[in-house]
Amino acid sequence: MENTILFGNGFNRLRNSGISWEDVLNDLKKQNFSNGNLPYTLIYEKSLLDGAKGQINTFTDYEFEVKIKLAELMKTIVPADIYKNLATLGLKKYLTTNYDYCLNQIFELNKLNEVNNSTEDIYSIRRKTTFYNEKNEEVSTIWNIHGEINKPISIMLGYDHYTGSLSKLESYVKGNYEFAFNRDSIKPKSMRSKILGQSDFDDYSWIESLFKDKVHIIGLKLDYSETDIYWILNKRKRFYTELGNSIKFKNEIIYYTINEDNHKHELLKSFGVKVIFKKGFNHSEIYDFALNNIK
């Protein structure tokens, strides 16, 4: 089973130049208000709607300006040293919720040629960048599953964008997703048929990794606003429960954390995720532990 990493903004927070969700939302707010227990996606929506009042531009233009500003801010991030360790793992696939290109920069320093294969505008079902060596052999692929800064409109922040993405995810999993490639119409088979061994995995989307690879989730808090990831984890476990011994291919997903959150840990376990909780570790230590576990 192929190792794949799904990483988040925790890696960037190892440096002072890292930008958190809180930083983004505080910058967006036009007026202070108590967040309470609101998820980040809804705090974003409230801040955006409040900030749009009295604007000359249309609401869509205003939101686009917000995302452009965020993209410019993200471009200032300097890759933490952990990205070098990440690159040396030599994995075929890296999945990230980050919008930046920190890992890309490390690959470029290693003199790999970069080809951005993203043809989507708003959503990121197939958004990827592939790297090749001097012999034009494919070395690795980075999937920006929540958008990328060179395409600001793709940056997934609010509730509206997340829920819109869910419909795309569902279509792909059910085999109803269709896209054009080299003037041909491509319609991947359903995930059900793939895990039953009735059709092959084709890697048109990062979604497939969560059904066939050994996925290590690192540096990702997995806040409950990450509805896309939770939806896939839930759907995967539902397939396992419904189809039972008929399934020909099962994978393993591991979540590494230092946060003592029993409710989340138990939820993830019920979704078929192995939780590795390291009490007393700091962030650097849990990341090093996880990467060593992959080698």
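Structure notes:
- Filter result (charged (D, E, K, R), in contact (Cβ under 8 Å) with a residue 24 or more places away in the chain and surrounded by 12 or more Cβ atoms within 10 Å (Cβ to Cβ)) within region 242-274: Lys250, Glu252, Lys264
- Within region 98-115, the set of residues being surrounded by 15 or more Cβ atoms within 10 Å (Cβ to Cβ) and modelled with pLDDT under 90 comprises just one member, Leu112.
- Only one entry in Phe211, Phe271, Phe277, Phe249 is over 24 Å from Lys93 (Cα atoms) and out of contact with any Phe, Trp or Tyr (no Cβ under 6 Å at 6 or more places or on another chain), namely Phe277.
- Consider region 204-241 and keep the residues that are in contact with a Leu (Cβ under 7 Å, 6 or more places away or on another chain) and of a type in the set (Ser, Thr, Tyr). The one that is surrounded by the most Cβ atoms within 10 Å (Cβ to Cβ) is Ser209.
- Any hit, region 284-294, residues being in contact with a His (Cβ under 7 Å, 6 or more places away or on another chain) and under 30 Å from Lys174 (Cα atoms): no
- Every test in (1) without any contact (Cβ under 8 Å) to a residue 40 or more places away in the chain; (2) surrounded by 21 or more Cβ atoms within 10 Å (Cβ to Cβ); (3) in contact with a Lys or Arg (Cβ under 6 Å, 6 or more places away or on another chain) is passed by Ile155 save one, and that test is (1).
- For region 242-295, the set of residues classified as basic (Lys, Arg), farther than 26 Å from Phe201 by Cβ and either touching a helix residue (DSSP H, G or I) at 6+ places or on another chain (Cβ under 6 Å) or assigned to a helix (DSSP H, G or I) (or both) consists of Lys264, Lys278, listed by residue number.
The values are calculated or read from the model by the stated rules, or taken from the named source; none is laboratory data. Bear in mind that the values here come from a model prediction, so they are computed numbers and not experimental data. All Cβ positions, glycine included, derive from the backbone under ideal geometry; neighbour counts span all protein chains shown.
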